[in-house]
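The values are calculated or read from the model by the stated rules, or taken from the named source; none is laboratory data. Remember, predicted model here, so these are calculated numbers, not experimental data. All Cβ positions, even for glycine, are placed from backbone atoms using ideal geometry, and neighbour counts span all protein chains on display. The area values use the complete protein model at the heavy-atom level, side chains included, leaving out ligands, DNA and RNA. Shrake-Rupley method; radii C 1.70, N 1.55, O 1.52, S 1.80 Å.
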Amino acid sequence: MSQNKNKVIAHRGAWKNTSATENSIAALENAIKLKCYGSEFDVHMSADSVLFVHHDHAVKGTDIEKTNSTELLQIKLENGENLPTLEAYLKAGAKQKNTRLILEIKTSSISKERSLALTEKCVEMVKKLKVEGITDYIAFDYDVCLKVKQLAPNAHVEYLNGDKTPAEIKAAGLSGVDYHFTVFKKNENWIKEMHQLNLSTNTWTVNDEPVMKWFLDQNVDFITTNEPELLLKISK
Ligand code: MG
């Protein structure tokens, strides 16, 4: 394995300082070129159960969950790419092994059932494309995190919502947390406590140098950022 050894996770890919649109395949490819540890992206499910990569629930005014895939496939991103399916996204990521694919399962705006159905489909697609070895999962919905662990016990799964203690995360069998930076600032012992429990620590979304440096001093495992170039430079 030639996994990149750094703490940098590009949030929605590397897009801010490039011509790529966030969550585009180009943004993933830029993060790979930069040699980031990981590149994060967000996944939703269309009305007819096809998975698409996008941050918001709607893309150009079209609600992904309430629209069929044939219509969604027509949508172009700002950089000219089609709205990527998860399948296309993972296939682009599968061309290499150095940058991990950090797959965020978005919470459905319709129902818990749809969040869990999306979870099953994500795990299924990751297996089908044989990218289990380079894919990690994150989610705000605790039940989604537990479901991934149940479906893929070896998967690395981090919880996003910031409201579970190190002991609770350990007891649930999750791999670690990816918490907003203010949560770690409020609970200054959590990074240390997580490490004592062999849990991983990741924080979002840190774009300012002083905050990056604070987390580097705390020896956080990963920092998710819109400024991967800056973080790579200062964490060397
Ligand atoms: Mg995300």
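In the chain, the longest principal axis of the Cα atoms and the axis of helix 112-128 are about 90 degrees apart.
With contributions of -39500 (n - 2.57) from each DSSP H run of at least four residues, the per-residue ellipticity at 222 nm computed over the chain stands at -10000 deg cm²/dmol.
Average accessible surface for the stretch 32-93: 43 Å² per residue, computed with a 1.4 Å probe over protein heavy atoms with every protein chain in place.
Assuming charge only on the beta carbon of Lys and Arg (+1) and of Asp and Glu (-1), the dipole of the chain about its Cα centre is about 720 debye to the nearest 20. In this structure the amide hydrogen of A58, modeled in the peptide plane, comes within under 5 Å of the amide hydrogens of I64, none closer than 5 places in sequence on its chain. In this structure, the pairs whose alpha-carbon distance is over 22 Å, taken from K35/K97; K91/K128; K66/K106; K35/K147; K7/K33, are K35/K147. For K60, the lysines whose Cα comes closer than 17 Å to its Cα, not counting residues fewer than 8 places off in the same chain, are K76. By a 1.4 Å probe calculation restricted to protein chains, S19 has an accessible surface near 110 Å², given to the nearest 10. Converting phi to 3J(HN,Hα) with the Karplus coefficients 6.51, -1.76 and 1.60 and the offset θ = phi - 60°, the stretch 166-180 yields x, 5, 5, 5, 5, 4, 7, x, 7, 7, x, 10, 10, 9, 4 Hz in sequence order, with x at every glycine or proline. Pairing the Cα long axis of helix 142-151 with the longest principal axis of the chain, what angle in degrees results, from 0 to 90 and rounded to the nearest 10? On a 0 to 90 degree scale, this one is about 80. Of all DSSP bridge pairs formed entirely within the stretch 8-234, close to 20 percent run antiparallel. What a 1.4 Å probe finds exposed on the chain is 50% carbon and sulfur by accessible area, rounded to a whole percent.
Annotation: amide H of T135 within the under-5 Å range of L101, sequence separation 5 or more or interchain, hydrogens built in the peptide plane.
Across the stretch 223-236, coupling constants 3J(HN,Hα) worked out from phi with the 6.51/-1.76/1.60 Karplus curve, θ = phi - 60°, read 10, 9, 8, 7, 10, x, 4, 5, 5, 4, 5, 7, 9, 5 Hz, and Gly and Pro carry x.
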